[in-house]
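Step one of this worksheet: look at the structure below.
What follows is calculated from the coordinates using simple rules that are stated; it is not laboratory data. Remember, it's a predicted structure, so these values are computed and weren't measured experimentally. Here the Cβ positions follow ideal geometry from the backbone for every residue, glycine too, while neighbour counts run over all protein chains shown.
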């Protein structure tokens, strides 16, 4: 019988035998293994204390420390995380290089929800034990969950090198690769994980998301069904399946979702996810009277979870407009960048769900354009620079624009493409049009407009993972944000005439060739027929519209909102109000 399978009584006899033979470290190993399963067993802990006392009397500091670590681990397994942090800190004052203690303290911080302290503790562990495989894996997973994929990947790869291939670590490696846009490698990582562990539902779900981005929709649906066969109540997989498939008739998946929805065992988060999935199913069937209350409940849960307040965006738009008037309107006179861009950025902006993915897919079908998808790099560079851009000192403003430009240029340089134009279709970059014009005067800015009722309802029906889109989860909020958007666009057109190319979604669907030719010409490119056959272009699409852009141009989608018109009074009333002043 292995030590890990011993009962406490059997373990105590084995511990005493080891101690009698002078095999103290073996005795502590047995205690640790048993305490993982029985962390509160006082007799086993008593044996550890006895070993610690004898070690202390004999001046054996190493054995004493090992005994204290065993007790610390027992506290962790017992869920006494605050005590692990407290006692661990005391032990580290005496033994700062004890990597195992740093690991335990980090794990306790993670259980307590302190992400920063967790990361710091695990990095300390690696400082003293660089090949600590368990910590490399744990830290890699922590960083993936924060979308810090470039930092996570080396830790996950080091863990795999040290421990050998493991399905869970391979899946997180796939997540990191996917987050870096390396979807082909990510898919290979998921496939290898599933070779090792065919019942790994999380890997099946992650694999499906990857396949969806490649446009392999049927394979994605099959992968999600594999996940659900393993874990029938895997709510995230259920939502993803609902997104990639179109529900028709009496579908057993709908019955399962209805049963969960009628129950009360789901967490608020899982209920929110389920609500968007079930609402989508009813919507596919045209049962709007059943769909709307489910969407409404799901949105209320999502808004409550992030605590969104529309005044945040109202204040931001006012700040942006004032900043442009007072500090950036004349930027061309005092900021003249000398370094040329390796790639010319094409910003495709607009409200979410306004057709920006379609516009990018058309552009990316051209041989001179690389479609980079939704990039968060611009906003991450601009937001912290706002105080500097507001400075009365022109040199401070110049340095801020230089930093934004350099950061964006550096990011684009990371794409392995020789195509001269690179699209960035983060829709809400319309907020930063003034900064784009100032820092990146070579850039092309395209704004996509679509019938506001269709846009607002489409936003309301979609579960965006980005908390920055909190306005989407309330009909009044999304309408108010749309009016802010309209007001700011009017401001930009008045302040920067001709700087933003307007592309109308409805006009594009009705007059595809004429609008496509005009768009391509505006980008300074010769027309190519592939731009009309955009749906055949093979590329990764990383947005909610990944499926739609694989299909031919569809007319009439902007009228679908009318099926919900009876429920949209708050939204419709706000959309008719005068524009806010910016």
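Specify, per residue and in Å³, the volume enclosed by the convex hull of the alpha carbon atoms belonging to segment 140-211.
Working: hull volume 5.2 nm³, N = 72.
Per residue, the Cα convex hull of segment 140-211 comes to 72 Å³.
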Rg followed by Dmax, in Å, when segment 308-392 is reduced to its Cα trace: 16.2, 44
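Give me the Kirkwood hydrodynamic radius of segment 371-441, using the inverse of the mean 1/r over all pairs of distinct Cα atoms, in Å to one decimal. Present the calculation step by step, with values, prior to reporting the outcome.
Working: mean 1/r = 0.0781 Å⁻¹.
Kirkwood hydrodynamic radius for segment 371-441: 12.8 Å.
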Folded to 0 to 90 degrees: helix 133-145 orientation relative to the chain principal axis, Cα: 30 degrees
Net length gained if the chain between residue 342 and residue 146 were fully extended (0.36 nm per residue, minus Cα distance): 67.6 nm
For the chain, convex hull volume per residue from C-alpha positions, Å³: 184 Å³
Evaluated at q = 0.16 Å⁻¹: base-10 log I(q)/I(0), Debye formula over Cα of segment 405-535: -1.06
Kirkwood hydrodynamic radius over Cα pairs of segment 111-253, then Stokes diffusion coefficient at 25 °C and 0.890 mPa s, in µm²/s: 153 µm²/s
Computed Rg/Rh of segment 298-340, alpha carbon atoms with Kirkwood Rh: 1.33
5 Å-binned pair-distance histogram of segment 272-361 (Cα, whole percent): 3, 10, 9, 10, 14, 16, 12, 7, 7, 7, 4, 1
Prolate/oblate/rounded call for segment 63-191, Cα gyration tensor, a/c under 1.5 rounded: prolate
Relative frequency of Cα-Cα separations exceeding 16 Å in segment 60-118, percent: 34 percent
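Kirkwood-based Rg over Rh for segment 86-160 (C-alpha set), two decimals? Numbers along the way, then the final one.
Values: Rg = 11.8 Å, Rh = 12.2 Å.
The Rg/Rh ratio comes out at 0.97.
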Spacing of the two label points (7 Å from each Cα toward its C-beta) at residue 315 and residue 195, in nm: 5.4 nm
